[in-house]
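The values are calculated or read from the model by the stated rules, or taken from the named source; none is laboratory data. All figures in this text were calculated on a predicted structure; none of them were measured in a lab. Because the Cβ atoms are built from the backbone with ideal geometry, glycine has one as well, and the counts that use them run over all protein chains shown. Keep in mind that these areas ignore ligands, DNA and RNA; they rest on the heavy atoms of the full protein, side chains included. Shrake-Rupley method; radii C 1.70, N 1.55, O 1.52, S 1.80 Å.
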2 protein chains.
Amino acid sequence: MTDIRILNTADEGFQPQLDALLAWESVSDKAVNDTVNNIIDGIRGRGDAALVDFTNRFDGWQAERAADLEIPRERLEQAWKQIPQSQQQALQVAAGRVRAYAEHQKMESWSYTEADGTLLGQQVSSLDRVGLYVPGGKAAYPSSVLMNAIPAKVAGVPELIMVVPTPGGELNELVLAAAHVSGVDRVFAVGGAQAVAALAFGTESVPPVDKIVGPGNIYVATAKRAVFGQVGIDMVAGPSEILVVCDGKTDPDWIAMDLFSQAEHDEDAQSILVCPDASYIAQVAASIDKLLPTMERREIIATALRVRGALIQTRDMDETVEVANFIAPEHLELSVEDPEAMAKRIRHAGAIFMGRYTAEAMGDYCAGPNHVLPTSRTARFSSPLGVYDFQKRSSLIFASAAGAVTMAETASVLARGEGLTAHARSAEYRGKK
Amino acid sequence: MTDIRILNTADEGFQPQLDALLAWESVSDKAVNDTVNNIIDGIRGRGDAALVDFTNRFDGWQAERAADLEIPRERLEQAWKQIPQSQQQALQVAAGRVRAYAEHQKMESWSYTEADGTLLGQQVSSLDRVGLYVPGGKAAYPSSVLMNAIPAKVAGVPELIMVVPTPGGELNELVLAAAHVSGVDRVFAVGGAQAVAALAFGTESVPPVDKIVGPGNIYVATAKRAVFGQVGIDMVAGPSEILVVCDGKTDPDWIAMDLFSQAEHDEDAQSILVCPDASYIAQVAASIDKLLPTMERREIIATALRVRGALIQTRDMDETVEVANFIAPEHLELSVEDPEAMAKRIRHAGAIFMGRYTAEAMGDYCAGPNHVLPTSRTARFSSPLGVYDFQKRSSLIFASAAGAVTMAETASVLARGEGLTAHARSAEYRGKK
């Protein structure tokens, strides 16, 4: 039988059990930090020469010049032409839906004018140049290219630079095709901390960017943390999670497969079902037992379910909502009769998948909303990746002569209250009637 | 004569000079990191007992119990009643203007329904609980309370917890009055890394928050970085900066005073004028010489101008705009004839102060937009503090039966392309016609 823990909110020890289940600390150890800092220093000091060295060393290349590291745009188009038509069509549909949703997120500038003629507002502009990290090897996900690149392009970022390691020189055609369909401007075949450092500080051939987004291994994550401040970064994600809330009336096979769909990512992924119906929980457990042997990635799934999975029985649906809000999951499925009513009571979740027909996996690929979402309870304070992450705001203040008189008066009193008399006098100059 | 460097874009060495002028790296050394980590471990392990110990040790208190550390709300009201009427009025005007502007920033939920009945959207909610750090001692700024607290309250944060160290037990009445007028819910008289740790992890008396905002010294900044992930944090700010762009037609005394108003913050503050008119630059230099001896904080101002200030002569206004965009300043004054036209060409700035009447100091206190702004060129990728920092988004996806068929098709192809068959099958279950 599959080994997934069953918890019950009525048990005295439930809260500590839940805390232990959710606990996740991502720590870069000293060795990783030292390696990353050395790589960053190398790139800052020697630029392209270091980039070529590191790439040859870590990715098993024989690049002679940095120019060899750039993948020309024609190569992306070639990849696009080579993939099967079914994949072309799927990429196009997905890109179209992601783009359409992203358009709704676009922030616009605004301003208003007060009675005395003073104008206040907010001017929105896109970032100038963005770097997109795409992992190579087994975790090379074309969907990730769409989800990171398209919002940047919708935001109006003029130059989007993708980096993707190509261990042994091997290119992933579907990733290149996704870059083509997303409008990526330039691609470099570099990865690891050296790619992050090159994007942050620039080299002779890699232009410095203003923000770096995209997933990566522990070296990439550590490098992103290290260059934060020099450039912006997106979130540093923990393992993927799904929380399924069910009223006990969805086909249990469907729910078991939804739990698998997170668990198959990796052994640390977290799949949890919360439900007030004990007999339904037993049915889902039975579906898990039945379906697991049929899964291609059954070993990863079994480990993830055993180590980090849970089926949680609650007293009622109200308590189920409470548990969901406490967990603040990355992905929340509301597989219930009236999901819209329930969604209004959800305070913390990266994405909410409503109703029995909305498999979380649809959101991973093509529903439209981004699949880059806050993990490890950070949905309490953060949001999905979106167009807004590639835009920024500047406040606008244009005082009229009359407005300056009023504002100078207030500013002067408060500035003097804080002992900042240059502030006060600077305002007072403008406030003279 | 005041010792402020004069640069010229026409000089061959200009760009390296500018790079050196702007260079700023904030580094927490090992001793600070170790101290902060010990304090955090203490709070996590011993809660209130550690909080009382640290506060007694670092702030010269004799608190016996953690309950002694809370400042009751009545005390805030009492502070409000004690301050002069002019200050009451100034705080009220400022709070009203900050609130009115903040209301314009509030994000609302949205959704749309596709032809096949699938609903997509974004649900916006406020954070549940926010911590606001307010420095004690010489840098205790009531304006900072308004700027951090009011957007949180406009966002709808139900519980706003302020911490403010009170060295020797001394309370700043204006800070407490500002907390009163901003609607702060609870105040604890604690500070330093121990206050940050208490807010991040909670103690028996301090409730854990979801995000910590507000300025602080190197220990506070280091602690905020350390707890990031456990909670959200706002930016970690560098020294304050002003960039004045002038066409040479504003009273040079006004511009000199604007440069002073940043420089008086501290010795690291940066004040720069960019202007194509050499004779005007000389006039501003003369105004600096004339006015500096009259300033209360002249020593700080003189040091800041000497170490980090500059008057930069450009070839023309076009190049002036280019320099401004490169610098991406926290505060940008456009003291020119047609500031609205010029503002449209500004791509990077925290706040833009337009026209000759808009002293930057007005924005610090009462114009309305936030005075917490991106520093050290981070305006290239980040925004002023705003209501949106106290809200977050959850994606909404509600597939109709028909929509599920279409989405399952696309998701299945892409999931199988990535080798994720549980994803594919989970979608396919819903896609059966």
Worksheet, complete the sentence: Sorted shortest first, the nm distances from the B:ASN37 label point (7 Å along Cα→Cβ) to its counterparts in the other copies are 1.1
Discussion item. For the pairs A:LYS153/B:LYS153; A:LYS211/B:LYS392; A:LYS344/A:LYS392; A:LYS30/B:LYS30, flag any whose C-alpha to C-alpha distance is greater than 22 Å.
Written reply: A:LYS153/B:LYS153; A:LYS344/A:LYS392
Fill in: Selected from A:ILE71, A:ILE352, A:ILE83 as most flexible by GNM, with chain A as the system and alpha-carbon contacts under 10 Å
A:ILE83
Response to the item:
Interface A-B: total buried accessible area (1.4 Å probe, Å², nearest 100) of 10300
Worksheet, complete the sentence: Note, A:GLN122: beta-carbon cut-off 11 Å, +1 each Lys/Arg, -1 each Asp/Glu, net +1
Practice prompt. Look at the axis of the rotation that sends chain A onto chain B, then give the chain A residue with the nearest Cβ and the distance in whole Å.
Written response: A:TYR388, 4
Discussion item. Compute the distance from the alpha-carbon center of segment A:165-225 to that of segment B:231-271, in whole Å.
Written reply: 36
Response to the item:
at B:ASP3 the sorted inter-copy label distances (label 7 Å from Cα on Cβ side), in nanometres, are 7.2
Item to complete: Please give the residues from segment B:122-160 for which the solvent-accessible area of heavy atoms, probe 1.4 Å, is smaller by at least 50 Å² with all protein chains in place than with the chain isolated.
Response: B:GLN123, B:ASP128
Fill in: Centre separation in Å (Cα based) which lies between segment B:117-156 and segment A:1-68
32
Discussion item. Of the candidates B:ALA198, B:ALA269, B:ALA49, which one comes out as most mobile in a Gaussian network treatment of chain B with C-alpha springs shorter than 10 Å?
Written reply: B:ALA49
Discussion item. List the residues of segment A:81-108 for which accessible area in the full set of protein chains is at least 10 Å² lower than for the chain on its own; 1.4 Å probe, protein heavy atoms only.
Written reply: A:SER86, A:GLN87, A:ALA90, A:LEU91, A:VAL93, A:ARG97, A:TYR101, A:HIS104, A:GLN105
Worksheet entry | Shape category assigned to segment A:194-329 from the gyration tensor of Cα positions, a/c cut at 1.5 | prolate
Worksheet entry | Relative contact order (%) - segment B:263-332, alpha-carbon pairs under 8 angstrom, separation at least six | 49
Fill in: Whether segment B:1-104 is rounded, prolate or oblate, judged on the alpha carbon gyration tensor where a/c under 1.5 counts as rounded
oblate
Discussion item. Probe radius 1.4 Å, ligands and nucleic acids ignored: give me the carbon and sulfur share of the accessible area of chain A as a rounded percent.
Written reply: 49
Discussion item. Given contacts defined as C-alpha pairs under 8 Å and at least six residues apart, what's the relative contact order of chain A, whole-number percent?
Written reply: 20
Worksheet item: Quick one: accessible area per residue over segment A:1-87, 1.4 Å probe, rounded to a whole number of Å²?
Response: 63
Worksheet entry | Residues whose placed amide H lies under 5 Å from that of A:GLU159, excluding near-sequence neighbours | A:VAL130
Discussion item. Given a 1.4 angstrom probe, what's the average accessible area per residue across segment A:292-415, in square angstrom?
Written reply: 29
Worksheet item: List the GluC sites (Glu not before Pro) in segment B:64-173 that DSSP assigns to loop (not H, G, I, E or B) and whose Cβ has at most 14 other Cβ atoms within 10 Å. Which are they?
Response: B:GLU64, B:GLU108, B:GLU170
Worksheet item: Within a Cβ distance under 10 Å of B:THR314, other residues only, what is the Lys/Arg minus Asp/Glu net charge?
Response: -4
Item to complete: Compute the Cα gyration tensor for chain B, then decide on rounded, prolate or oblate, letting a ≥ b ≥ c be the square roots of its eigenvalues: rounded whenever a/c is under 1.5, prolate when a/b is larger than b/c in the other cases, and oblate in all that remain.
Response: oblate
Discussion item. Quick check: net charge around A:GLU333, other residues with Cβ under 12 Å of its Cβ, Lys/Arg +1 and Asp/Glu -1?
Written reply: -3
Discussion item. For A:GLU319, place a label point 7 Å from Cα along the Cα-to-Cβ direction in every copy; what are the distances to the other copies, in nm, shortest first?
Written reply: 7.4
Item to complete: Using a 10 angstrom cutoff on alpha carbons, build the Gaussian network for chain A and name the most mobile of A:GLY96, A:GLY248, A:GLY229.
Response: A:GLY229
